[in-house]
1. Report whether or not G48 is within 22 Å of W104 (Cβ to Cβ) and surrounded by 16 or more Cβ atoms within 10 Å (Cβ to Cβ).
2. Of the residues in the stretch 21-64, how many are of a type in the set (F, W, Y) and within 17 Å of G83 (Cβ to Cβ)?
3. The conditions are (1) under 12 Å from I89 (Cα atoms); (2) touching a residue at least 24 places away in the same chain (Cβ under 8 Å), and I22 fails exactly one of them. Which is it?
4. Of all residues in the stretch 1-33, which are under 22 Å from E61 (Cα atoms) and in a loop (DSSP other than H, G, I, E, B)?
5. Which pairs turn up if I take residues in the stretch 87-102 that are assigned to a helix (DSSP H, G or I) and look for partners that are acidic (D, E) with beta carbon separation below 6 Å, at least 6 apart in sequence or on another chain?
6. Which one of the conditions (1) assigned to a helix (DSSP H, G or I); (2) closer than 20 Å to Y98 by Cβ; (3) hydrophobic (A, V, I, L, M, F, W, C) does I59 fail to meet, given that it meets all the rest?
7. Can you tell me which of L92, L69, L117, L103 is of a type in the set (A, V, I, L, M, F, W, C) and modelled with pLDDT of 95 or more?
8. Here are G63, G48, G74, G83: which of them is on the phi > 0 side of the Ramachandran plot and under 13 Å from the mean Cα position of the chain (by Cα)?
Amino acid sequence: MQTNELLTLITAELDERKGQSITVIDVKDRSSVTDFMVLVTATSERHGQALSSYITIKIKEQGMKPLGLEGEQGSDWVLLDLGDIVLHIMTLQARERYQLEKLWSIETRKEEIKEVL
């Protein structure tokens with residue numbers, strides 16, 4: 001399965017399962033670990049665990065399996081490593097606290113500022 005197809009599958013499943021504020025960040029030029037990060041807000045820790053389980057099932061149906069899973073039991077942040085895509089499932093409080101979108105957009109803003117100057 002191609003990365004873009006996997007990305008579409010993941011975002012569609014998250015949307016169908018009531019994941020909120022789904023964000024895809026292209027980090028190909030900024031990370032050697034992965035190509036994309038997907039962030040989604042879960043309404044509770046239990047909802048986050050369920051989203052992780054649903055995605056894992058969908059991935060396995062496609063003949064793939066996650067490379068890693070962190071934080072599933074009693075955590076406000078679940079990380080699912082799918083190789084070219086890393087999925088971050090967070091409660092609203094965790095997402096506001098860690099601000100991953102802001103962290104990964106710092107380089108982009110520096111580049112935008114250079115273009116203006």
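1. Details: within 22 Å of W104 (Cβ to Cβ): yes; surrounded by 16 or more Cβ atoms within 10 Å (Cβ to Cβ): yes.
Yes.
2. Keep residues of the stretch 21-64 that are of a type in the set (F, W, Y), which gives 36, 54.
Retained after the next criterion (residues that are within 17 Å of G83 (Cβ to Cβ)): 36.
So the count comes out to 1.
3. All conditions pass for I22, except number (2).
4. Matches in the stretch 1-33: M1, Q2, R17, K18, G19.
5. Listed pairs, sorted by first residue: A94/D76.
6. Evaluating I59 over (1) assigned to a helix (DSSP H, G or I); (2) closer than 20 Å to Y98 by Cβ; (3) hydrophobic (A, V, I, L, M, F, W, C) leaves (2) as the failure.
7. Numbers: L69 fails: modelled with pLDDT of 95 or more; L117 fails: modelled with pLDDT of 95 or more; L103 fails: modelled with pLDDT of 95 or more.
Exactly one of L92, L69, L117, L103 is of a type in the set (A, V, I, L, M, F, W, C) and modelled with pLDDT of 95 or more, namely L92.
8. Details: G63 fails: under 13 Å from the mean Cα position of the chain (by Cα); G48 fails: on the phi > 0 side of the Ramachandran plot; G74 fails: under 13 Å from the mean Cα position of the chain (by Cα).
Answer to the selection: G83.
The values are calculated or read from the model by the stated rules, or taken from the named source; none is laboratory data. The shown structure was predicted, so the numbers you read here are calculated from the model rather than taken from an experiment. For neighbour counting, all protein chains shown are included, and Cβ atoms are generated from backbone atoms with ideal geometry for every residue, glycine included.
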